[in-house]
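To keep things clear, I will list the structure first and then write my remarks on it.
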Amino acid sequence: AEPEMTVRWYGQGITQRWQTRVPSGTGTYRLGKRFNGGLLEIAAPAPMVVRARGSTGETQLELTPEPLHVRSYLVDATGSLSVDIDHVSLQSTPFRVDIRTRMQSAEDTLARTLSYELLDDDGNEIRSGLLAAQLELSNYDRLAAVEAGMNISEPIRYYFDLPPQVARMRFSSQHELLVTTYSRPSALPRKVRVPEDYRAFGDDQEKQPAWFLLRPVAEDQLRREFRSSILVVQPRPPETNAQLLAGDYDWQLYQPVGDWRARFLLIPRTENLPVRDRSLAAVYHEIRTGRPEQFKFRGLPGRREISPDLLYLRNRASPLDIRLMLDGKPYSSVQIAGRQGELRLPPVTPGTREIAVAAAEPGRWFINHAESRTPAFLRRLAMQLSGGRLEFEYQKESSGAEMLLGQLYTESSARSELSATIIGETRSGRGPWQEWTFLNRSFDLRQESPTLIPVLNSTMKPLSGGQRFFLPLGADLPPGRYRIRFTLDATPDAYLTLYRLTAGQSEFRSLFQEPAYVPTTKL
């Protein structure tokens, strides 16, 4: 059989994944699927040239990206590599070094060591050390100059925070290694355009680099001596966490310190993740008026009864009588008033039931503790952030990387500038670390969703659909308590949520009192 290529699609959310296999022979193949943005990955059984195209209506799109190039320099037993360090206003300078090597196709892992020396203005050694590198074959990067049977390894990265007295770094090795160095001003915030930079692929001139390439001493001579190589590099696809997809995760919402105000928002639930038992009260499904809808009622383990809530949105505030039917029988009749509200419904037993709502005026009706094929929404608390700032306390539990997620909702669809500053435990020493956390970030947020978000229990007009951003805390930050300060520009009526998803579940206890059990008597 002819070998096949694997084509994978990665969308914006962790559940937006798809893959197929196509023949690897010469020809044109149509995937036959519509994609809403994202990243396409093609894995081939042998080297080949591939070109990808798409279409939007009558418009043809070129999907093949322009290659990204970076120059790397050879360090081996015959020659070292030196780079000068420029400090801004006598501040310490963040520094990054990428280590690679050329590899034969059959090699899996190579254990290598790169030596480094920190030198002052007079060339005296301030400190020295070793950087260990377990180098594995890369499936994404390659040498620009094709060499038969020769590939490149995945990069191993190390980071330093170099004090002002360090004027030069020198690298040496007994084995052949390819080294690329970077730096950045310590006071420069890490600016990210959202969503553009999260989706960028290729040489985007408007994107601010996280790190700036640092050329070595005597670069021209290194090139003349053929001690440099041009690499073709590309971004990596996102990782898929099987525990999150299975609903095995903890979700934690953070509340600010000090005085703050908040509102509940009704947000469309876009991620197709399983609903955890603990989240059943916050997830609402819409009941469409005039016809029965099938719902599967769920409760916390051990409960024999469920008391769902009915949430409603209307255009008028005058009193209105509504009737609910359960499996074709009267369930609840009540008079409501106001444009918004929420009421507790009579208890039901877990299982699949039919619900119908009858009302003389139009409205939107939502019920929790029930799963359905109708649209799902989250009732989520959002903190008001208008022309000021909010501070959150965050306890970093592990010595590894942790990720926070934020979402900003604004009254206007204009772009917003949101600054995030991490304050707390300092890094231990000056490095090296294998991760780097930007303590000052600036998010340039564009509200791209046309969805309007109702602000519950208020007369406010709906907010924009919200824009998600990511705030990582890397392994370079030790466990401890941190403060995260958010500052927003003059955008009025903005709301912020800050939360964390953690794979695996922690201990959870729920205290409740059940009504006496009355067995059914059969006649």
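The values are calculated or read from the model by the stated rules, or taken from the named source; none is laboratory data. The model shown is predicted, which means the values in this text are computed figures rather than measured ones. Reconstructed Cβ throughout: ideal geometry from the backbone, glycine too, with neighbour counts over all protein chains shown. Side chains are part of the model used for accessible areas, which takes the heavy atoms of the whole protein and leaves out ligands, DNA and RNA. Shrake-Rupley method; radii C 1.70, N 1.55, O 1.52, S 1.80 Å.
Return an integer: the convex hull volume of the alpha-carbon atoms of the range 296-441, in Å³ per residue.
Details: hull volume 30.3 nm³, N = 146.
Considering the Cα atoms of the range 296-441, their hull volume per residue is 207 Å³.
Tell me what the chain gives for mean residue ellipticity at 222 nm when only DSSP H runs of n ≥ 4 count, each as -39,500 (n - 2.57), the sum divided by the residue total, rounded to 500 deg cm²/dmol.
Calculated from helices alone, the mean residue ellipticity at 222 nm is -500 deg cm²/dmol.
Any idea what the relative contact order of the chain is, in percent, if you count C-alpha pairs under 8 Å spaced at least 6 apart?
Computed over the chain, the figure is 15 percent.
What GluC sites (Glu not before Pro) does the range 1-85 have in DSSP loop regions with at most 11 other beta carbons within 10 Å?
Glu58
Could you pull the Cα extents of the range 95-232 along its three principal axes, largest to smallest, in whole Å?
Its Cα atoms span 44, 44, 29 Å along the three principal axes.
Looking at the range 411-504, I'd like the Rg to Rh ratio, where Rg is from alpha-carbon atoms and Rh is Kirkwood's inverse mean 1/r.
Rg divided by Rh gives 1.06.
How compact is the range 54-129 by the rule of thumb for globular proteins, expressed as Cα Rg over 2.2 N^0.38 Å?
1.83
With a 1.4 Å probe and every protein chain left in place, work out the accessible area per residue of the chain in Å², rounded to a whole number.
Per-residue accessible area for the chain comes out at 55 Å².
log₁₀ I(q)/I(0) of the range 37-94 at q = 0.18, 0.30 Å⁻¹, via Debye over equal Cα point scatterers, no solvent, to two decimals?
So the normalised log intensities are -0.86, -1.27.
What is the gain in length, in nm to one decimal, between Arg236 and Gln395 on full extension, counting 0.36 nm per residue of separation less the C-alpha to C-alpha distance?
Gain on stretching Arg236 to Gln395: 54.3 nm.
Given all pairs of different Cα atoms, what value in angstroms does the Kirkwood hydrodynamic radius of the chain take?
When all Cα pairs of the chain are included, the Kirkwood radius is 27.4 Å.
In nm², what is the average projected area of the convex hull enclosing the Cα atoms of the range 1-156?
With the hull built on Cα positions only, its mean projection is 15.2 nm².
What does the extension gain come out to for Ala503 and Glu342, with contour length at 0.36 nm per residue minus their alpha carbon separation?
Fully extending the segment from Ala503 to Glu342 adds 54.7 nm.
In the range 308-363, what percent of the accessible surface is made up of carbon and sulfur (1.4 Å probe, ligands and nucleic acids excluded)?
Exposed carbon and sulfur together represent 50 percent of the surface.
FRET efficiency for Arg30 and Val146, Cβ-Cβ distance as r, R0 = 51 Å, nearest 0.05?
Numbers: r = 30 Å, r/R0 = 0.59.
After rounding, the FRET efficiency stands at 0.95.
What nm value, rounded to one decimal, do you get for the distance between Ser115 and Asp259 when each label is placed 7 Å out toward the C-beta?
Computed distance between label sites Ser115 and Asp259 equals 6.2 nm.
Could you compute the FRET efficiency for Asn457 and Arg291, with r as their C-beta to C-beta distance and R0 at 41 Å, rounded to 0.05?
After rounding to 0.05, the efficiency reads 0.90.
More than 17 Å apart: what percent of Cα pairs in the range 222-299 qualify?
72 percent
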